[in-house]
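I'd like to ask some things about the structure below.
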Amino acid sequence: MRLSNATLCLVSFIVFSFLQSPAFAVKRSYVVYLGGHSHGVQSSSIDLDAVTESHYHFLGSFLGGHEHAREAIFYSYTRHINGFAAHLDDEVAAQIARHPKVVSLFLNKGRKLHTTRSWDFLGLDHNGVVPSNSIWNKTRYGEDTIIGNLDTGVWPESKSFSDDGYGPIPSKWKGICQNQKDAGFHCNRKLIGARYFNKGYASVVGKLNSSFDTPRDKEGHGTHTLSTAGGNMVPKASVFGFGKGTAKGGSPRARVAAYKVCWPPVSGNECFDADILAAFDVAIQDGVDVLSVSLGGDPTAFFNDSVAIGSFHAIKHGIVVVCSAGNSGPADGTVSNIAPWQITVGASTMDREFRSVVVLGNNMHYKGQSLSSKVLPDKKFFPLLSAADAKLANASIQNATLCQAGALDPKKVTGKILVCLRGKNARVDKGQQAALAGAVGMILANDFLTGNEIIADAHLLPASHINYTDGLAVFAYINSTKNPMARIMPVTTLIGTKPAPFMAAFSSKGPNTITPEILKPDITAPGVSVIAAYTEAEGPTNEDFDKRRVQFNSVSGTSMSCPHVSGIVGLLKTRYPNWSPAAIKSAIMTSATTLDNANERILNASYIKAGPFSYGSGHIQPNLAMDPGLVYDLSTKDYLNFLCTLGYNDTLISAFSQDNYKCPGSINLANFNYPSITIPNLVGSITVTRTVKNVGTPGTYRAQVQKPVGISVKVKPKKLKFKKVGEEKTFIVSLKVKKGEAIKEYVYGQLVWSDHVHYVRSPIVVKAV
């Protein structure tokens, strides 16, 4: 039967109309953020249900009914964060975004864990992070402090979370142990809570099976970070016998709670905005004192950033939020988690090495690092081969040089030590590919960008990771002789190595690309080859081929440096329970050091002097943070004023804060009372104002200035006299471009207020235009 043209046109019209209908439109998951709540902290289930109903009513007005809204919404944020996450088509999303009640609407984007795959804040007495004679190590000190961790969950059986010797759970705790679908998962008086959030992840990847319904850490990252922040003291901890000592977190007696928001990667992303906001909303209600967040994404506007939004609501309730800076270094402008109410942490090394020396046939020795438990026969040399010379006929030289899968020829590799170049594929995978091709050992050489940053990995064959300069020497030796030979010596643990710390090459750097007037990162802390507790669901390399299991593992990343600071924050919260999050942040920043253990300026991974865009205020010094002398304090209203300077209007900020807020008539972002001073576009001169609060003994502080190149700096008054605790003093700093001397790039200096006991240091970062 043939249809007439008129019938065909009608059918086509019907099909087209169906395809254009809302029911057929492609839906994506969005977060609709409506600000804060007005129902208060002591909200009842009736209050929370009423909020959910209001979300159904609001969305139903766009979707044509309450039931459509109920089907679309998969999270209703009801406690402290007001909003919801829902499946929406783009057209409806655009309509919602224009509604006056909506603060922001953004896609449920994915974020990454800030660990460098295949890589201690444990027994670090030698590093000066938490000395054994410190007041902070008293037996029961800190048990009322609760540290929450947004991550991949926790391995509850780890000894780092044993509750032996703990008293009752603090009465302020309102959280739960969400183990209804994992009967083997247990909390205790140390690990007092655990939850999981996966609806945002499921909205992207599809329906999940029951194995996802658990806060258990099957990846290792969450266990590692949580134990770094608040893990118990565990004697005789090590990785394959290396680095043996007493494991302890930054706040070893703190209670801890896990909030699992990260899952197996999809398109490189593991943690999704909708889940992150849900975790923040619940964690605030649960009663945590500190939130450690070792994840992030590309910098974005604050109201479109789930971590920034969640962090703001947390600090409103006195919760300090510590975030990782990211692992996208060493390029400039890569730092993430850049809100001023967050403590943003870069990564640097510590004075410990797991040394594995490479000896060449010409008797040259090169100091590498490794955690390989396998060793080559003593003093025996093996043929040495560059991976570029070991390529299969159909493989590229680049892939072979990097020791990628399918690029190496076993006929050329068998029985030899293979030299692989760092980059692209995981470091331990290079060793695995070398072993599969028949290599007896591997030397992993850095490229130019990674410089002197060498990392101890739990390789499956004898291996040593060497720096860029030594790698060049090894390649030169191979090319200089007909029969190159080498051996790899067994791993030894060394303490007190120099220089330390220096910045990790992977550590993300400033300037802050959203608000360049706020210096980020704020601080740096140990983040390379950190030993902490680990999952026993996977091997130490997280590779499918690794069947080994460990109780402790060495991992690197700003994910690892972040919980160092979280642990220190926990101690400060215990010692000063009435301090604001900003005061605690100031104490950590202004007491930091920019010097290494050779009393020289901290270097980057290429052994060039680093600066504030790498380390912020410097490397953390916890003992000095305990007694900072003065602090730069900030209130919630100060943060709202900060948002005003960025152009957000009264209505938006009032919804964000749930306060009846009006932007001040005149306000200058340069006067935001941050513990650092950053002027990104200095034309002529500027005068900035700061206020410090005395938190120590009465005394007189005098200003000391190190001027940035080409910039004059004057401080008035030059002397501040404090008579009591809590007293505040205001001063001004005038900066002026010196004609003919200024250079049109960032230059650095510092301001120090000192009473000869305390040294309250603030970086000065200026760019003349």
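Could you check how many residues of the range 418-445 are under 13 Å from Gly406 (Cα atoms) and within 27 Å of the chain's Cα centre (by Cα)?
Summing the residues that are under 13 Å from Gly406 (Cα atoms) and within 27 Å of the chain's Cα centre (by Cα) in the range 418-445 gives 3.
May I ask you to say which residue of Ile764, Ile677, Ile667, Ile711 is hydrophobic (A, V, I, L, M, F, W, C) and open to solvent by 60 Å² or more (accessible area, probe 1.4 Å)?
Ile667
Here's something else I'd like to know. Would you tally the residues in the range 335-371 being farther than 26 Å from Tyr632 by Cβ and not basic (Lys, Arg)?
Of the residues in that region, 20 qualify.
Working only within the range 283-307, note down all residues that are open to solvent by less than 10 Å² (accessible area, probe 1.4 Å) and within 13 Å of the chain's Cα centre (by Cα).
Leu291, Ser292, Val293, Ser294, Leu295, Gly296, Val307, listed by residue number.
Now, a different point. Is there any pair linking a residue in the range 702-723 that is closer than 18 Å to Val631 by Cα to one that is assigned to a loop (DSSP other than H, G, I, E, B) and of a type in the set (D, E, K, R), with Cβ under 8 Å and at least six apart or on different chains, and which?
If the second residue must be assigned to a loop (DSSP other than H, G, I, E, B) and of a type in the set (D, E, K, R), the pairs left are Arg702/Lys718; Arg702/Asp755; Ala703/Lys718.
Every residue in the range 73-107 that is of a type in the set (Asp, Glu) and in a helix (DSSP H, G or I), please.
Listed by number, the residues that qualify are Asp90, Glu91.
Check every one of the strands (runs of 3 or more DSSP E) wholly within the range 503-604 and list those with 3 or more residues that are in contact with a helix residue (DSSP H, G or I) (Cβ under 6 Å, 6 or more places away or on another chain).
Values: elements: 523-526, 530-533, 552-555.
The qualifying strands (runs of 3 or more DSSP E) are 523-526, 530-533.
Does Gly361 satisfy being open to solvent by 10 Å² or more (accessible area, probe 1.4 Å), on the phi > 0 side of the Ramachandran plot and either modelled with pLDDT of 95 or more or among the acidic types (Asp, Glu) (or both)? Break it down into steps so the answer makes sense when it comes.
On the way: open to solvent by 10 Å² or more (accessible area, probe 1.4 Å): yes; on the phi > 0 side of the Ramachandran plot: no; either modelled with pLDDT of 95 or more or among the acidic types (Asp, Glu) (or both): yes.
No, not satisfied.
Out of Tyr196, Tyr141, I need the residue that is among the hydroxyl-bearing types (Ser, Thr, Tyr), open to solvent by 40 Å² or more (accessible area, probe 1.4 Å) and in the same structural domain as Pro540 (by the TED database). Which one?
Result of the check over Tyr196, Tyr141: Tyr141.
Across the range 35-53, which residue is surrounded by the most Cβ atoms within 10 Å (Cβ to Cβ) among those that are under 35 Å from the mean Cα position of the chain (by Cα) and assigned to a helix (DSSP H, G or I)? First the steps, then the outcome.
Taking the range 35-53 as the starting set, the residues that turn out to be under 35 Å from the mean Cα position of the chain (by Cα) are 35-45, 47-49, 51-52.
Okay, now just the ones that are also assigned to a helix (DSSP H, G or I), so 45, 47-49, 51-52.
Numbers: Ser45: 8, Asp47: 15, Leu48: 16, Asp49: 12, Val51: 19, Thr52: 16.
Going through the qualifying residues, I end up with Val51.
Still on this structure: Could you tell me which residue of the range 441-485 is nearest to Ser554 (Cα to Cα), considering only residues that are among the hydroxyl-bearing types (Ser, Thr, Tyr) and open to solvent by 10 Å² or more (accessible area, probe 1.4 Å)?
Among residues in the range 441-485 that are among the hydroxyl-bearing types (Ser, Thr, Tyr) and open to solvent by 10 Å² or more (accessible area, probe 1.4 Å), the one nearest to Ser554 (Cα to Cα) is Thr450.
Counting only residues that are within 20 Å of the chain's Cα centre (by Cα), under 30 Å from Lys172 (Cβ atoms) and of a type outside the set (Ser, Thr, Tyr), give me the strands (runs of 3 or more DSSP E) lying completely in the range 193-282 with at least 1 of them. Working first, answer last.
Working: elements: 234-239, 242-247, 255-260, 262-266, 269-272.
In the range 193-282, the matching strands (runs of 3 or more DSSP E) lie at 255-260, 262-266, 269-272.
The values are calculated or read from the model by the stated rules, or taken from the named source; none is laboratory data. Please read all numbers here as calculations on a predicted model, not as lab measurements. So basically every Cβ, Gly included, is an ideal-geometry build from the backbone, and we count neighbours across all protein chains shown. Note: areas computed on protein heavy atoms with side chains; ligands, DNA, RNA excluded. Shrake-Rupley method; radii C 1.70, N 1.55, O 1.52, S 1.80 Å.
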